[in-house]
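Quick note: the coordinates plus some simple rules give every number you see, no bench work behind them. As the structure is a computational prediction, the values presented were derived from the model and not from experiment. In this analysis, Cβ positions are derived from the backbone assuming ideal geometry, glycine residues included, and neighbour counts consider all displayed protein chains.
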Amino acid sequence: MEQIFSTLVNGLSLGGIYAMIALGYTMVYGIAKLLNFAHGDIIMVGGYLIYVGMATQMPLAAVLLAVVGCVVLGICIEKVAYRPLRGASPLAVLITAIGVSYFMQSMAQIIFGSAPKMVTVYDFGAVELFGATIQVSSLVTLAVATVVMTVLTLFVKYTRTGRAMIAVSEDNGAAQLMGIDVNRIITITFAIGSALAALAGLFYLLKAPAVSSTLGAMPGIKAFTAAVIGGIGSIPGAMLGGILLGMIESVSYKITAIAPYTDAIEFSILILILLVRPTGFLGKKRREKV
Amino acid sequence: MKIGNFKLRHYINYIVIGILTLVLGTMSLTGTRFDNSLLFLLEKVAISIILAVSLSLVVGFLGELSLGHAGFMCVGAYLGGKVATLLVPMLGNGPLTFLIALIAGAGAAAICGIIIGIPALRLRGDYLAIVTLAFGEIVKSLFQNSSDDSFGGSLGLETPRYDKHYLFILAFLLVLVTLAVIQNLIRSKHGRAITAIRDNEIAALASGTNVTKYKLLAFTLSAAFAGVAGVLYSYSNYTVQSAKFGYNYSIEILVMVVLGGMGSINGSILAAALITWLNTKLATVLTGDLAVLQNLLYALILIVIVIYNNAPALKGFRDKYNLGALAEKLIKHDPARVKDDKAKWDVVPTKISMDEILSVDLVPQDHDQGGSK
């Protein structure tokens, strides 16, 4: 019973992190129609910025620095690498995104060295709940992720900018004709996605207090998997996919026999889901026109 | 130069590689002892060329991004290495063992290619890229967690040693085989079907191209040759470790294809040789923390080349100062290179704006080219 409860909490908090990263992928994909491969590495940059900010000994200041830094970085990446390619073939954009991801990883390694940096942001300790020992940081992660996702859903549904985002993702050309500044919306999307990635970086540091240049690579790929499972372009889909993937990972780690194959299992599930439902669970079917 | 139907530029790559193999091979067989590091470099160059040319079939000609090429190579390396290890006590460490290992490795990789090719039929672009990436990670993880007596687990698989003075000759002969198969495929009607799918899948389908067949064909063939490269790798390296075949290696192969120019076989060959040579040179210069500068270089190559070649805003600049003009001239009439057609298709707007409706000429002009889009 305690086992089940702790697995559940771990899965949910991990799922919350995946969902937050997946939101960044899915929003950028929905609006700019590009797969931002560099998104995972923004998590890593967020982690390093927290490490730098912790020199002040103020966790809140460090987190603020990470969020602001990542937002600026996200906007810069979009302006420098993706904007020149707007209207070019999707393959070209995808390869550039991979280049950007690679660039950031090597840059981080050059600046901070290849050895991981240890950084303890804040020790929340642990509590006993229903007989299971639960890390408070997991609960904090879960709470923050829930709040962030609720706020984001409300933002997209009820604000002018949020509705403009939906409009752009549904029909770029028509949105432009209605007077929406598409470039501005894309910039805002990148900013929001990067801020979420910075928060995800924080939560990773709360789980395991070390940051290295590849911190974001695997979570990034997995969160993208989550976004695809949920249906890329769909905000509730990203949340669903993230939580689902987090639960699968947490359960798989608990079963000793299959624990080493966790990554393989997650990716196999991705391939299976794509085979059965190529647009994910909540993705819209898009018929291609000539 | 043209003698009858024979066009020199169509065969220039066979001739150059063939002469190189012949000269170095004769020297090696007649007793010239080459430096071990040179032999190793030659093997690595051959492996890279096979990888780049086979990936080029999927990325450059079929127009789908595969991020799991190292995964196919991994399957080939493990299966080929294992078969060779099992056969050496029975058949000896000769060309026959090598051939059987080669068939086993290429066959296993080809089967994986079919398995990945099937979702590829339903998925496109970004989704497919992520499936191939996932495949690469699955393969890596499976071999990493294999038991010690099957595939050596995380320690890696020990493979038989082969005389280095012969291996590079075999490697270059395999490069020629790869070229013969892939280049001839691309220049045949099947190749035109594959490039037609790249340029416009729906139009290709409407004109009666069997999209399913050709996509599977391209994927399977590309995977099979990645498997061949894998078997060569296992022979050249003595040990096969799954960690080597990660995402980073797939990207390195992709860099070769992009640097060489997508849709150009000769470009891929040159870029593969250049990058492999550069890798070995840089590995001696950049040690320790500096080694990462190499990755930085790849990243910059990818970004700069792709933006330069594809940015709509730079189109005027590209036409004016065509840096590749010389290369273009050399391969101008190469049917393998459907020159600039991609660019033409891409500027055709999917939705016609108001301005264009108002500015349409009643006399049909260049617009015809976009007619089928």
Rg (one decimal) and Dmax (whole number) from the Cα set of region B:227-321, in Å, equal 15.9, 51
When all Cα-Cα pair distances of region A:189-258 are considered, the percent exceeding 17 Å is 52
One finds, for A:THR159 and A:ARG83 with R0 = 30 angstrom and r their Cβ-Cβ distance, a FRET efficiency to the nearest 0.05 of 0.80
Expected vector for region A:43-48, Karplus 3J(HN,Hα) from phi with 6.51, -1.76, 1.60 and θ = phi - 60°, integer Hz, x for Gly and Pro, equals 4, 4, 4, x, x, 5
Note to self, the protein assembly as shown gives a 222 nm [θ] from helices alone (DSSP H runs n ≥ 4, -39500 (n - 2.57) apiece, / all residues, nearest 500) of -23500 deg cm²/dmol
Exposure-ranked with fewest Cβ neighbours within 10 Å first, B:LYS189, B:LYS82 stand as B:LYS189, B:LYS82
Residues A:ILE180, A:ILE4, B:ILE50 in order from fewest to most other beta-carbon atoms within 10 Å are A:ILE4, A:ILE180, B:ILE50
Listed by chain and number, the residues whose amide H is under 5 Å from that of B:THR239, excluding neighbours fewer than 5 places away on the same chain and using placed H, are B:THR159
Expressed as a whole-number percentage, the relative contact order of region A:2-216 with C-alpha contacts under 8 angstrom and at least six residues apart is 42
Here, B:TYR14 and A:ARG184, labelled 7 Å along Cα→Cβ, have an inter-label distance in nm of 6.2
Expressed in angstrom and rounded, the centroid-to-centroid distance over alpha carbons for region A:50-70 and region B:134-176 is 45
Among the Cα-Cα pairs of the protein assembly as shown, the proportion with separation greater than 37 Å, in percent, is 39
For the A:GLU2, B:VAL177 Cβ pair and Förster radius 56 Å, calculated FRET efficiency rounded to 0.05 is 0.40
Classified through the alpha carbon gyration tensor (a ≥ b ≥ c as square roots of its eigenvalues; rounded if a/c is under 1.5, else prolate when a/b is larger than b/c, else oblate), region A:85-150 comes out oblate
Cα-based Debye curve of region B:131-230 sampled at q = 0.13, 0.16 Å⁻¹ gives log₁₀ I(q)/I(0) of -0.72, -0.90
For chain A, the dipole about the Cα centre with charges only on Cβ (Lys and Arg +1, Asp and Glu -1), to the nearest 20 debye, works out at 920
Note on region A:2-216: the mean projected area of its alpha-carbon convex hull, in nm², is 13.0
With the charge dipole of region B:154-268 built from beta-carbon charges (+1 for Lys and Arg, -1 for Asp and Glu) about the Cα centre, the Cα from B:TYR249, B:GLY227, B:LEU179 projecting farthest to the positive end belongs to B:LEU179
With +1 at each Lys and Arg Cβ and -1 at each Asp and Glu Cβ, the charge dipole magnitude of region B:2-341 around its Cα centre, to the nearest 20 debye, comes out at 1060
Expressed as a whole number, the average count of other chain Cβ atoms within 10 Å around the Cβ atoms of A:271-278 is 4
Burial-style ranking of A:205-216, A:106-117, average other-beta-carbon count within 10 Å with highest first, yields A:205-216, A:106-117
For region A:2-216, whose charge dipole is built from +1 on Lys and Arg Cβ atoms and -1 on Asp and Glu Cβ atoms, the candidate among A:VAL67, A:GLY30, A:GLY40 with its Cα farthest towards the positive end is A:GLY30
Taking a crude spin-label model, label points 7 Å out from Cα along the C-beta direction, the B:ARG187 to A:ASP123 distance in nm is 7.1
For region B:2-341, Rg(Cα) over 2.2 N^0.38 Å is 0.99
Listed with the fewest Cβ neighbours within 10 Å leading, A:MET165, B:MET90, A:MET218, A:MET239 appear as B:MET90, A:MET218, A:MET165, A:MET239
Eigenvalues of the alpha-carbon gyration tensor of region B:46-104, times 5 and square-rooted, give semi-axes in Å, largest first, of 29, 11, 7
Taking Cα atoms, the helix A:90-112 axis meets the longest principal axis of chain A at an angle in degrees (rounded to 10) of 40
Of the listed pairs A:LYS79/A:LYS254; A:LYS79/B:LYS213; B:LYS44/B:LYS215, those with alpha carbons more than 32 Å apart are A:LYS79/A:LYS254; A:LYS79/B:LYS213
The Cα radius of gyration of region B:71-176, divided by 2.2 N^0.38 Å with N its residue count, comes to 1.22
With Cα coordinates, the longest principal axis of chain A makes an angle with the long axis of helix A:160-170, in degrees rounded to 10, of 70
